[in-house]
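Everything on this sheet refers to the single structure shown next.
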Amino acid sequence: MRRNGRPTPAPYRCQPGRRTLQPYRCRAMVAIRHDDLSTAFDFVSYAAPAEHNAYVSLDTGKVYWTSDASDSFDEEIPADLDTSDRYLAIPHRNELHLGRSLALRFIAQELPACYDKADAFLRRQGAYARFKDLLEREGVLEGWYSYEVDSVESALRQWCAENGLDLVET
């Protein structure tokens, strides 16, 4: 096949499931420690989106933390953290559909008769406390905790694979 009068180059396989036409964009997968990613993900997700941030260096796998609420981190933050393509922002749980939508998926599977009720109170202030109260009354709270942990783990592993990160156990 030709494009602009030149032959189209064959795709190069750089990462599992990814193809690119530019072989110079291929890079070795950087390793990130599972504990570092998990802790940074919890930090980012603890607050409202964009209030806490964490970035992983695509060169070293080191995680850098920032927060609108505090500048009291012990580490030196790279000057180009927000502008360089060598750092990848660790997502907030909502970006991975692990907030309200995860709770509703669980309700749909475990308590379909309560779906409309859960959907209504998950839209208001104090939703998570009411959600957990409902789960406890229905006897599925422990099941929710397991479902949530498994879903977060799966989503983080998928995010790493999609972004060329090698998640290593510590």
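When you count the other C-beta atoms within 10 angstrom of each residue and take the mean per peptide, 49-56, 123-130, 139-146 line up highest first as 49-56, 139-146, 123-130. Shown in residue order for segment 47-62 are the 3J(HN,Hα) couplings computed by the Karplus curve 6.51 cos²θ - 1.76 cosθ + 1.60 at θ = phi - 60°: 10, 5, x, 6, 7, 10, 9, 9, 10, 10, 6, 7, 9, 10, x, 5 Hz (x for Gly and Pro). Sorting 59-66, 79-86 by average packing, meaning the other beta carbons within 10 Å per residue, from highest down gives 59-66, 79-86. Kirkwood analysis of segment 85-138, using all unique Cα-Cα pairs, places the hydrodynamic radius at 12.3 Å. In this Cβ point-charge picture (+1 for Lys and Arg, -1 for Asp and Glu), segment 94-140 has a dipole of about 160 debye about its Cα centre.
Quick note: the coordinates plus some simple rules give every number you see, no bench work behind them. Because the structure is predicted, anything quoted here is derived from the model rather than measured. Positions of Cβ are backbone-derived with ideal geometry, glycine not excepted, and every protein chain shown enters the neighbour counts.
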